[in-house]
Amino acid sequence: MKRFSQIFLYITIALLIIWQLPWCYSFFAAKPSKIPFSMYSSVLGDFLSMGNEDGKGVVRRDQSGNVYTQEQTDSILPFFYMRQLMADERFPDSINGVAVTPREVQLTNFSFRSAASDINASKIELYPLLESMSGRVDLSMPDDVFRVTSKGLEFIGMKTNTIDTDKSQLFTEAMVKKGFKFPARRLAGNPTTRKEYDEGYLILDNEGKLFHLKQTKGRPYVRAISLPEGLNAKYLFITEFKDRKTLGFLTDIDNNFYVLNNKTYDVIKTGVPSFNPEEDALSIFGNMFDWTVCVKTADADEYFALDADDYSFIKSISFPRKSNSIPGLRFTSSQDKYVKPRF
């Protein structure tokens, strides 16, 4: 018994050392990352990077090394600093020869983010389906939720915890009529009232076919979406931006990144070479001329500029990421929300 206790004590001490030494090193010796925040400027035709430099404070420079003041930066990134330009009465009448108004800028500007920790988190597979054509300005949450089973959709009243058979049958039949094969592989939506309109859900069926589902005046709207030949979709994201130009984003099994246009349902491959939602973080700042896409991997922050019309590649820059830690035992990770031992 004494020998067992000693072995257990030694194992515990070893695990504590493997766990605490890397943590102590990271806490006392690691330095903060100085990767600058960057955005593409259609005014410059180049990326403008902003970050702290030792002894200089915040420095704003393009990729040719030219340094700019904050006031110059406002004009170089007029879509990002629109409010400041309006406050200073410096907002231009035209940009790159195209007449613009603050209203147009507000309508076409958007931001989007995706984190691996959200993708890898466990999910409660009960989904509220909002009414997309209520006739009211403000959206409201429904009093039921649905789940996808091997046989169809089941709508469940939240107060009574009972299945609404009629509504379930109505929506299931509408999806089957469009060729949907149950159960679903993937489902993506944005079930919140803190948005201007609702587009329901994008759903991959059991055969990998893509569908759009929403509720209009209490009835199902289902659209089968044709995917380009050879595209095996894997992850889906619904957008619901103000200008309603896009319906969503998606990635395939090869980590290619696509845009799904609204109304036409065209699926267009972007100029982003790779994005793995399970491991990478993605952020997009878009305007009427271009998109700045940042893909943060374990090795670098990759920035890509895309044309806002056809999502084609314009330019890119990369900032290698230096590791500030040493190998060891950890219980948490930035890539998921689980607490478990990992090396």
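The values are calculated or read from the model by the stated rules, or taken from the named source; none is laboratory data. Only a predicted model underlies this, so the values are computations on that prediction, with no experimental measurement involved. Here the Cβ is made from the backbone with ideal geometry for all residues, glycine too, and neighbour counts use every protein chain on show. To get the accessible areas, we keep the full protein, side chains included, count just its heavy atoms, and leave off ligands, DNA and RNA. Shrake-Rupley method; radii C 1.70, N 1.55, O 1.52, S 1.80 Å.
What to note about this one:
- Qualifying positions in segment 32-41 - open to solvent by less than 30 Å² (accessible area, probe 1.4 Å) and either touching a Lys or Arg at 6+ places or on another chain (Cβ under 6 Å) or part of a loop (DSSP other than H, G, I, E, B) (or both): 36
- Restricting segment 50-64 to residues that are open to solvent by less than 40 Å² (accessible area, probe 1.4 Å) and either assigned to a loop (DSSP other than H, G, I, E, B) or of a type in the set (A, V, I, L, M, F, W, C) (or both) leaves a set whose member that is farthest from residue 107 (Cα to Cα) is 59.
- Test: residue in segment 173-188 that is over 16 Å from residue 154 (Cβ atoms), open to solvent by 20 Å² or more (accessible area, probe 1.4 Å) and either part of a strand (DSSP E or B) or modelled with pLDDT under 95 (or both): yes
- Number of the condition not met by residue 109 [criteria: (1) surrounded by 15 or more Cβ atoms within 10 Å (Cβ to Cβ); (2) at pLDDT below 95; (3) under 30 Å from residue 247 (Cβ atoms)]: (2)
- Given (1) surrounded by 13 or more Cβ atoms within 10 Å (Cβ to Cβ); (2) in contact with a strand residue (DSSP E or B) (Cβ under 6 Å, 6 or more places away or on another chain), index of the condition residue 82 fails: (2)
- Taking the listed residues 268, 203, the one that is within 20 Å of residue 286 (Cα to Cα), at pLDDT 95 or above and not in a loop (DSSP other than H, G, I, E, B) is 268, with no other qualifying.
- Of the criteria (1) touching a strand residue (DSSP E or B) at 6+ places or on another chain (Cβ under 9 Å); (2) at pLDDT below 95; (3) over 26 Å from residue 77 (Cβ atoms); (4) open to solvent by less than 60 Å² (accessible area, probe 1.4 Å), which one residue 300 fails: (3)
- Among residues that are of a type outside the set (A, V, I, L, M, F, W, C) and more than 15 Å from the chain's Cα centre (by Cα), residue 255 is not included.
- Applying the set (1) within 15 Å of residue 191 (Cα to Cα); (2) assigned to a loop (DSSP other than H, G, I, E, B); (3) of a type outside the set (Val, Ile, Thr) to residue 146 leaves exactly one unmet item: (2).
- One residue alone among 205, 166, 198 is of a type in the set (D, E, K, R) and in contact (Cβ under 8 Å) with a residue 40 or more places away in the chain, and that residue is 198.
- Cβ-Cβ under 8 Å pairs, at least 6 apart or on other chains, segment 129-156 side open to solvent by 60 Å² or more (accessible area, probe 1.4 Å), far side charged (D, E, K, R): 133/217; 140/131; 143/159; 147/125; 147/154
- Matching option when the condition is in contact with an Asp or Glu (Cβ under 7 Å, 6 or more places away or on another chain) and among the hydroxyl-bearing types (Ser, Thr, Tyr), among 201, 197: 197
- Candidates in segment 1-23 are the residues that are of a type in the set (Phe, Trp, Tyr) and modelled with pLDDT under 70; of these, the one that is nearest to residue 330 (Cα to Cα) is 19.
- Qualifying residue in segment 276-296 (condition: of a type in the set (Ser, Thr, Tyr), in a loop (DSSP other than H, G, I, E, B) and closer than 24 Å to residue 196 by Cα): no
- Residue list for segment 242-255, filter: of a type outside the set (A, V, I, L, M, F, W, C) and under 17 Å from residue 113 (Cα atoms): 242, 246, 248, 251, 255
- Within segment 233-285, being among the polar types (S, T, N, Q) and closer than 20 Å to residue 312 by Cβ holds for 239, 246, 251, 255, 256, 261, 262, 264, 270, 274, 283.
- Residues located in segment 157-172, provided they are open to solvent by 70 Å² or more (accessible area, probe 1.4 Å) and either part of a loop (DSSP other than H, G, I, E, B) or of a type in the set (A, V, I, L, M) (or both): 158, 159, 160, 161, 162, 163
- Checklist (1) small (Gly, Ala, Ser); (2) in contact with a Gly (Cβ under 9 Å, 6 or more places away or on another chain); (3) open to solvent by less than 40 Å² (accessible area, probe 1.4 Å) applied to residue 248, failing item: (2)
- Contact map, segment 217-230: residues that are part of a loop (DSSP other than H, G, I, E, B) paired with residues that are among the basic types (Lys, Arg), Cβ distance under 8 Å, separation 6+ or inter-chain. Pairs shown: 227/209; 228/269.
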